[in-house]
Protein chains: 4
Amino acid sequence: MIVVMKPEAPAEEIDRLSAEFREMGLTPEKIVGKHKTVVGLVGETAEMDALQLQDLSPWIEQVLRVEKPYKRVSKEYRHGEPSEVVVPTPNGPVTFSAFAPLVVVAGPCSVENETMIVETARRVKAAGAKFLRGGAFKPRTSPYAFQGHGESALELLQAAKDATGLGIITEVMDAADLEKICEVTDIVQVGARNMQNFSLLKKVGAQDKPVLLKRGMSATIDEWLMAAEYILAAGNPNVILCERGIRTFDNQYARNTLDLAVIPVLRSLTHLPIMIDPSHGTGKSEYVPSMAMAAIAAGTDSLMIEVHPNPSKALSDGPQSLTPERFDRLMQELSIIGNAVNRWEANPVPVLA
Amino acid sequence: MIVVMKPEAPAEEIDRLSAEFREMGLTPEKIVGKHKTVVGLVGETAEMDALQLQDLSPWIEQVLRVEKPYKRVSKEYRHGEPSEVVVPTPNGPVTFSAFAPLVVVAGPCSVENETMIVETARRVKAAGAKFLRGGAFKPRTSPYAFQGHGESALELLQAAKDATGLGIITEVMDAADLEKICEVTDIVQVGARNMQNFSLLKKVGAQDKPVLLKRGMSATIDEWLMAAEYILAAGNPNVILCERGIRTFDNQYARNTLDLAVIPVLRSLTHLPIMIDPSHGTGKSEYVPSMAMAAIAAGTDSLMIEVHPNPSKALSDGPQSLTPERFDRLMQELSIIGNAVNRWEANPVPVLA
Amino acid sequence: MIVVMKPEAPAEEIDRLSAEFREMGLTPEKIVGKHKTVVGLVGETAEMDALQLQDLSPWIEQVLRVEKPYKRVSKEYRHGEPSEVVVPTPNGPVTFSAFAPLVVVAGPCSVENETMIVETARRVKAAGAKFLRGGAFKPRTSPYAFQGHGESALELLQAAKDATGLGIITEVMDAADLEKICEVTDIVQVGARNMQNFSLLKKVGAQDKPVLLKRGMSATIDEWLMAAEYILAAGNPNVILCERGIRTFDNQYARNTLDLAVIPVLRSLTHLPIMIDPSHGTGKSEYVPSMAMAAIAAGTDSLMIEVHPNPSKALSDGPQSLTPERFDRLMQELSIIGNAVNRWEANPVPVLA
Amino acid sequence: MIVVMKPEAPAEEIDRLSAEFREMGLTPEKIVGKHKTVVGLVGETAEMDALQLQDLSPWIEQVLRVEKPYKRVSKEYRHGEPSEVVVPTPNGPVTFSAFAPLVVVAGPCSVENETMIVETARRVKAAGAKFLRGGAFKPRTSPYAFQGHGESALELLQAAKDATGLGIITEVMDAADLEKICEVTDIVQVGARNMQNFSLLKKVGAQDKPVLLKRGMSATIDEWLMAAEYILAAGNPNVILCERGIRTFDNQYARNTLDLAVIPVLRSLTHLPIMIDPSHGTGKSEYVPSMAMAAIAAGTDSLMIEVHPNPSKALSDGPQSLTPERFDRLMQELSIIGNAVNRWEANPVPVLA
């Protein structure tokens, strides 16, 4: 149930109401929007009568029922207002939101050594990226493939952060590593293969760092939103949804099918910000630029792009990585679309000497 | 095999060579590009030696083997030069090509009556469309559903053409109707369900009107290109490839999954122009604008958009149709992206009084 | 609407009622079952009242509404009684039905020459097959691949029929060939790629030979049944539904995913007989035997199995074809399951000397 | 690399060789088959020469290279001999293997209370099942849905085991629960959603209980085998592969598409035993019997079937659960096919008074 308060409702009245809801066995969550305050109610509301709830206070404007299986992630839960995931980084806070300029995340699939990660960080920062991505713990199909440098890679990510001030995004595969990862990372990534690892979702929901939730390879939109709901239900409201391509019958040229229609679909269903990953989404670096352009035109809030100083020697995902030079040029191409749709930050691409 | 001639090769030498190839049992096709002339060779070339062929004339620059299963539609067959499908319409010729401004095709799913089709034609023309789409013969899942008005609908399309000068695109389902359809239509559409109706492909390949070939619901890129190859092999070089969404595991919100990555994929494989149909591709009018924007940013050559004067009363596909008003606004939104990527024709959207 | 007559209802009363239905603008179809007669009504019945219809005659037992989009193919339309498709062949009539012994169809993908087709026919007949399959007109992905020997292959099929008395199944791709094909074939096949070629469905529905309707590569069960409905609606009640594998994300080992659950699903929805094609369904001869065994255990009415005298030299589909020797052994393996589930005809496998 | 020893090779020679391999930096694993002993070698073997290795001992019959990405699970690794997973239960050891009689696992989706689980255990045992399945920790799409009774459910499974002597199979979702689960369970299940939870795979690989590895919803055969390889590589050779339906475009009637062709495909690739779960595989109890019959005919080693004393009141997966009565009848139906293919244990279904 969603309780929409009148614009001028006094804070004490909202607190009083919340206490009353708690006594009724419900969990109220106050969401202060730009124009209104809304109180989301989670619990056994199926039998409750919206009109009776409305009688609890003259400051209630409306009581609405959420029909969707997901509650906290639904658009209705914030009365239509997109949420803002604000992430502190050494270079200052960065906001992921439908209201904010596009945020670009870039970096290699895995952290290989200090030189490569610090150098890549410098290059992607210069081109306008706000976050560095880089895998320390890597989910690999084969037990014999490179599994990431693990903890020592976390130190290298810290070094890259110190050197550039960029925010860090890295993946957690095992809840046992979560604490260590969160000492370094600014956003915790849950990968596609773990999208329905419900134990892990509960644990990233019970800590404070924002969570990047990648869509599972064959997850429906509803399953994806329900996975996000696990995180919000565990107490963490800061979730970013990342589309990275789905599995279909056709993978001869593009490794996955990048489902860009999730942008308008999610916009109509949820208040959470959206990221598109055209690198995993296509699996081939030559397809990345046009899909990145398309994602911005379709309204994404963020992009994740793989950049590696030497793609042909990458320990993983080389074929889908751009060189720093190509990434640099891409950012200039993206700025054209970004400016056209008013989502490009003033002057993000410094002229390189 | 592709025989690339030197830039200054004399026409008589090319003719002489072609005659020689014919004697060898091959079918030579001369393709005059902007910079060079290329001779495509179809036939039993598997055993032939490229170097030996090169010795046939000092005017040959290079002989290349096409490794792909498709030959005539391959990029190599035109030595990398995109083809131009030029379609005469009462308002003048319209070019579909990677080199030309974006072409917008709009109109209803089916032709319902004269008023609606002529009125829709007027509205979409005013908004900047160059072609009117409208179904006379409709492929319907149920034998009991409205099957299109057939021949009488062709007359109504003619009336709309007379009234507006727009080009016409309509679908052929049965080769027996092809002649009648071609009296009216400027582009013949082969629908998704008939993409591998090889008898029909041979017949549209044996006539002169350009062909719009929709991708089958579960066709791979290679199968789609091979279907186009059937048309070219039958003698018709004017084919436009139209992506209209593929069938995947997820159709709860969007009816199909619009596979926009076909744009860079096709660009790397074929010289044929590309059209995107976000209306069938998503099945819901509210998702159409952002997918149309994305398609332009990704580099499509053309868009097909369903427009109906009264979508809620449409005899078919109402939920995915825009009203003329919404289409009008969309064209202005599209012009922003179209101008940004330099694919928007000068002044296509007249200011409406 | 389904009008179930009382068991002892007089024929004249049923005729009188049918005339009355016709006057009401409906199309009545009398279906004489083992125990009861049922009158199916097609037309604008949405507004009609079942109880009012029941008042039309005291011999009516019940009036039922068919809620499904398909009517004539629905189980309700025959009041739950499976239909029997009886096909005359030189060796006598063969029945495809849930009530009849399993029918095995075997033969090569394409008819290559007289020796191979007559020899194959002899071998599969000796092993217990009742029908010979063999392609005269072949749907091929490439315009440059072998397209079948066409009309001359029909003569070879006739020769094989004359030599063995087997029934013939061959595919129609173009309505223009239908008449010639029907001079030879006993069952007309509509292939997977033409499952929604509605023009062709109407035409095979308007002739007399039974139709084998293969499921489209990505057709849902409902779409498949609606395609069958086109044939029944056009006047031909003799349709056999053939599952031949669907297209999914996984085709590394098996070319398609054979969807055997269609057997119980179709049984709950339609009265039409079912055939399973494990050769196309898996694409590899070594997987065919276990899938054929599974299909019988699951309750199929019929099997279609590719057999070629020399698979490694086959002009098409070699990898999925069994040799006559392997087919012979397979039939003996199948008889074990067939006897266990009581669907094996007495003594179909003659002991080979 | 696979080192096949001659039949009469002395044990000491095999030990000596193994030591030599270890010095070369390889990990040798001795596999004693029915007829021969084979030594599997894992490590950096890409550069090694098979002929040179053969010179290491006159008792070596052959040295073979495994070309597949999976090594320990490959059929070659055991020189073609199927493995036997022998599971001790109070009623005696039960063997899962291509050589052993079919093993039936049955029980409810989740453990609801003591009466229901003990009663269900009694009923399925009486009908011939060897294992009881029952979820204590349940992976649920919604955080608000019943998540299983957790630890207390483990006690109830123990009670059912004590009462009947059946082996227990239950799922682990979180490595933190593994120890507690293994105190009760005889086989640890890794569910479809965790098939690529590589951290969990490593942990179940590092303990002793056999592992049931369900196929992920959109996992290819190779990904599935690689997931099993993670478990074997971590030291646990006892893995059973369970097909439970894949996700495709069609889920209107059956919830998933049961991919029975995995039976011959896996048989050609791996030595591990196979289980089929027609309950999840179809999602509807009325489709379960025919798919269970099909699975046996196709050669499965084991079946997992959901049984609930009152499916319409089940806390989860009611629609796909059989009643104990229906399960009882099903076992008698299955015995017909099981006996026909020689995979039914003598007298497993006691005659019920």
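The values are calculated or read from the model by the stated rules, or taken from the named source; none is laboratory data. Please read these numbers as outputs of a predicted model, since none were measured by experiment. Virtual Cβ from ideal backbone geometry, glycine too; neighbours counted across all protein chains shown. When the accessible area is computed, the model is the full protein with side chains, heavy atoms only, and any ligands, DNA or RNA have been set aside. Shrake-Rupley method; radii C 1.70, N 1.55, O 1.52, S 1.80 Å.
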Practice item. Can you work out the accessible area per residue across chain D, with the rest of the protein chains kept in place, probe 1.4 Å, in square angstrom? Key: 36 Å²
Point to revise | Sparsely packed GluC sites (Glu not before Pro) within the stretch B:52-120, loop by DSSP, other Cβ within 10 Å at most 13 | key: B:E67
Review point. Per-residue mean of other chain beta-carbon atoms within 10 angstrom of the beta-carbon, peptide A:134-143?
Key: 5
Practice item. Between C:L213, C:L51, C:L201, find the one with the highest GNM mean-square fluctuation for chain C; connect C-alpha pairs within less than 10 Å. Key: C:L51
**Study point:** A:W344 accessible area, assembled protein chains, probe 1.4 Å, Å²
**Key:** 30 Å²
Point to revise | Given charges at beta-carbon only (K, R positive; D, E negative), |dipole| of the protein assembly as shown in Debye | key: 0 debye
Review point. Given H placed on each backbone N at 1.01 Å, which residues far from B:T37 in sequence or on other chains put an amide H within less than 5 Å of it?
Key: B:M5
Study note, to complete from the structure: Share of accessible surface on carbon and sulfur in chain C, whole %, 1.4 Å probe and ligands ignored, is 50 percent
**Study point:** Per-bin percent of Cα-Cα distances, the stretch A:179-285 [10 Å]
**Key:** 15, 47, 30, 8, 0
Point to revise | Options A:L132, A:N339, A:T270, ranked by Cα towards positive dipole end of the stretch A:85-340, top entry (Cβ charges) | key: A:N339
Practice item. Take peptide A:267-274, look around each residue's Cβ out to 10 angstrom, count Cβ atoms belonging to other protein chains, and average those counts. Key: 1
Study note, to complete from the structure: For chain A, longest principal axis from Cα atoms; helix A:288-298 axis from its Cα atoms; angle between them, nearest 10 degrees, is 20 degrees
Check your understanding: At what distance in nm do the modelled label points of B:A176 and C:E61 sit from each other, each positioned 7 Å from its Cα along Cα→Cβ?
Key -> 4.1 nm
Revision key, fill the gap. Cα-based Rg/(2.2 N^0.38 Å) for the stretch C:2-65, rounded to two decimals, is 1.00
Exercise for review: Take the Cβ-Cβ distance between D:E114 and A:M48 as r, set R0 to 35 Å, and report the resulting FRET efficiency rounded to the nearest 0.05.
Suggested key: 0.55
Study note, to complete from the structure: Expected max-MSF residue from C:V66, C:V85, C:V239 in the GNM of chain C (alpha carbon, under 10 Å) is C:V66
Point to revise | chain B: relative contact order as a whole-number percent, Cα under 8 Å and 6+ apart | key: 16 percent
**Study point:** Binned Cα-Cα distances of the stretch A:85-340, short to long, each 5 Å bin given as a whole percent
**Key:** 1, 7, 15, 19, 22, 19, 12, 5, 0, 0
Study note, to complete from the structure: Highest GNM mean-square fluctuation among A:H35, A:H308, A:H149, for chain A with Cα springs under 10 Å, belongs to A:H35
Study note, to complete from the structure: Once amide hydrogens are built 1.01 Å from N within the peptide plane, the residues lying 5 or more places from D:V239 or on another chain with amide H under 5 Å from its amide H are D:V211
Check your understanding: Ranked from the most accessible area to the least, with a 1.4 Å probe and all protein chains present, what is the order of D:M331, C:M24?
Key -> C:M24, D:M331
Revision key, fill the gap. Listed by chain and number, the residues whose amide H is under 5 Å from that of D:V94, excluding neighbours fewer than 5 places away on the same chain and using placed H, are D:V87, D:T89
Study note, to complete from the structure: Between the modelled labels at D:E183 and B:E183 (7 Å from Cα along Cα→Cβ) the distance in nm is 8.7 nm
Point to revise | Partners for B:K180 among aspartates and glutamates (Cα-Cα distance below 18 Å; same-chain residues under 8 apart left out) | key: B:E151, B:E155, B:D162, B:E171, B:D208
Check your understanding: Can you list the lysines whose alpha carbon sits under 28 Å from that of C:K30, skipping same-chain ones fewer than 8 residues off?
Key -> C:K6, C:K68, C:K71, C:K75, C:K202, C:K203, C:K209, C:K214
Revision key, fill the gap. Accessible-area order for A:F131, D:F99, largest to smallest, probe 1.4 angstrom, reads D:F99, A:F131
Check your understanding: Along the charge dipole of chain D, which of D:I31, D:Y144, D:P101 sits closest to the positive end, that is, farthest toward it, with unit charges on the beta carbon of Lys, Arg, Asp and Glu (+1, +1, -1, -1)?
Key -> D:Y144
Check your understanding: Could you give the angle, 0 to 90 degrees to the nearest 10, between helix C:221-233's Cα long axis and the longest principal axis of the Cα atoms of chain C?
Key -> 70 degrees
Practice item. First obtain the Kirkwood hydrodynamic radius of the protein assembly as shown from its Cα pairs, then insert it into the Stokes-Einstein equation at 25 °C and 0.890 mPa s, and state the resulting D in µm² per second as a whole number. Key: 71 µm²/s
Practice item. Quick one: order A:D208, D:D317, A:D186 from most to least accessible surface, probe 1.4 Å. Key: A:D208, D:D317, A:D186
Check your understanding: So what are the ³J(HN,Hα) numbers for the stretch D:86-102, from phi and the Karplus equation (6.51, -1.76, 1.60; θ = phi - 60°), rounded to whole Hz, Gly and Pro as x?
Key -> 9, 10, x, 9, x, 7, x, x, 10, 10, 9, 5, 5, 8, 9, x, 4
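Place a +1 charge on the Cβ of each Lys and Arg in the stretch C:42-157 and a -1 charge on the Cβ of each Asp and Glu, then give the dipole magnitude about the Cα centre in debye, rounded to the nearest 20. Intermediate results must be reported in sequence, preceding the final value.
Numbers: 13 positive and 14 negative charges, 132 e Å.
I would put it at about 640 debye.
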